[in-house]
Amino acid sequence: QVQLVESGGGLVQPGGSLRLSCAASGFPFSLYAMTWYRQAPGKERELVATITSGGGMITYADSVKGRFTGSRDNVKRTVYLQMNSLKPEDTAVYFCNVKRYDSNYWGQGTQVTVSS
């Protein structure tokens, strides 16, 4: 079955950096686009970045452009989100997602807290 396991979250000061990872299993990873989402307390889940199957095209939410970088390693079956210049408003639970056969699959999420 599809499994997505996020890691790398934590507490960081404003202006700091974190790198999130999402390890995938249970499906042909290299054939599917992967997406990072986040959900802040009391807010709807929002799309952060989508990485195409080969990693050659990545799209970002306007709120993270120029600060976040998505990437993937199809050999390691892992997708990454490098987050720089973090702001308090980036505080959220970050999830990775794959859509396969009209079903959405989610990991358990990793908490990112940006605070001084």
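The values are calculated or read from the model by the stated rules, or taken from the named source; none is laboratory data. Computed from a predicted structure; not experimentally measured. Counting neighbours? That spans all protein chains shown, and the Cβs are built from the backbone with ideal geometry, glycine included. Ligands, DNA and RNA are excluded from the accessible area calculation, which covers all protein heavy atoms including side chains. Shrake-Rupley method; radii C 1.70, N 1.55, O 1.52, S 1.80 Å.
For Gly66, indicate whether it is more than 16 Å from Leu11 (Cα to Cα), at pLDDT below 95 and out of contact with any strand residue (DSSP E or B) (no Cβ under 6 Å at 6 or more places or on another chain). No, not satisfied.
Could you go through region 58-69 and let me know if any residue there is closer than 15 Å to Thr113 by Cβ and part of a loop (DSSP other than H, G, I, E, B). Can you show your working first?
Step one: filter region 58-69 for residues closer than 15 Å to Thr113 by Cβ, giving none.
The answer is no, given that none of the residues of region 58-69 is closer than 15 Å to Thr113 by Cβ and part of a loop (DSSP other than H, G, I, E, B).
Selection of region 14-72 for residues being more than 14 Å from the chain's Cα centre (by Cα) and of a type in the set (Asp, Glu) yields Glu44, Asp62. Please enumerate the residues belonging to region 33-65 that are over 15 Å from Gln111 (Cβ atoms), touching a residue at least 24 places away in the same chain (Cβ under 8 Å) and either buried (at least 18 other Cβ atoms within 10 Å of the Cβ) or touching a Phe, Trp or Tyr at 6+ places or on another chain (Cβ under 9 Å) (or both). Listed by number, the residues that qualify are Ala33, Met34, Thr35, Ala49, Ile51, Val64.
Within region 3-25, the presence of at least one residue that is in contact with a Phe, Trp or Tyr (Cβ under 9 Å, 6 or more places away or on another chain), farther than 15 Å from Phe68 by Cβ and loosely packed, with under 14 Cβ neighbours inside 10 Å is confirmed. Would it be correct to say that Ala24 is hydrophobic (A, V, I, L, M, F, W, C) and either farther than 18 Å from Asn84 by Cβ or part of a loop (DSSP other than H, G, I, E, B) (or both)? Yes; evaluated as a whole, the condition is true for this residue.
For Arg72, the conditions (1) in a loop (DSSP other than H, G, I, E, B); (2) in contact with a Ser or Thr (Cβ under 8 Å, 6 or more places away or on another chain); (3) crowded, with 17+ Cβ neighbours inside 10 Å are fulfilled apart from (1).
In region 104-115, the qualifying residues are those that are of a type outside the set (A, V, I, L, M, F, W, C) and closer than 16 Å to Ser25 by Cβ, and the one that is surrounded by the fewest Cβ atoms within 10 Å (Cβ to Cβ) is Gln108. For region 83-102, residues that are at pLDDT 95 or above and either closer than 16 Å to Leu4 by Cβ or open to solvent by 60 Å² or more (accessible area, probe 1.4 Å) (or both) total 11.
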